[in-house]
Amino acid sequence: MFEGQSPADVEALLKADAEFRQLYRRHQQLNSQVMDAELGVLPIDDVTLAKWKKEKLHAKDRLTRMFARTRH
């Protein structure tokens, strides 16, 4: 998600910011669920899958904005 960024910078933000950490974990959870659903491991309906994808995208956008703010 943070391609080209220092893993140390991401790790520092995960340690320092509880909101970032919680949102990061939620994004990882959603990513896993979406992948499982797309592989057929997790049987869910299309509406739920679409909802998860949308929530995952919103989480990624917010995480990216939060990370960018710490870099400026």
Run the simple label-point estimate for D9 and R26 please: 7 Å along Cα→C-beta, distance reported in nm. 2.4 nm
Candidates D45, D17, D61: whichever shows maximal mean-square fluctuation once the chain is modelled as a Gaussian network with Cα springs under 10 Å: D45
At 222 nm, what helix-only mean residue ellipticity would the chain give, in deg cm²/dmol to the nearest 500, using -39500 (n - 2.57) for each DSSP H run of four or more? -27500 deg cm²/dmol
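None of the figures in this text is laboratory data; all of them are computed from the coordinates on show. It should be emphasised that the depicted structure is a prediction, and the values quoted were computed from it without experimental measurement. All Cβ positions, even for glycine, are placed from backbone atoms using ideal geometry, and neighbour counts span all protein chains on display.
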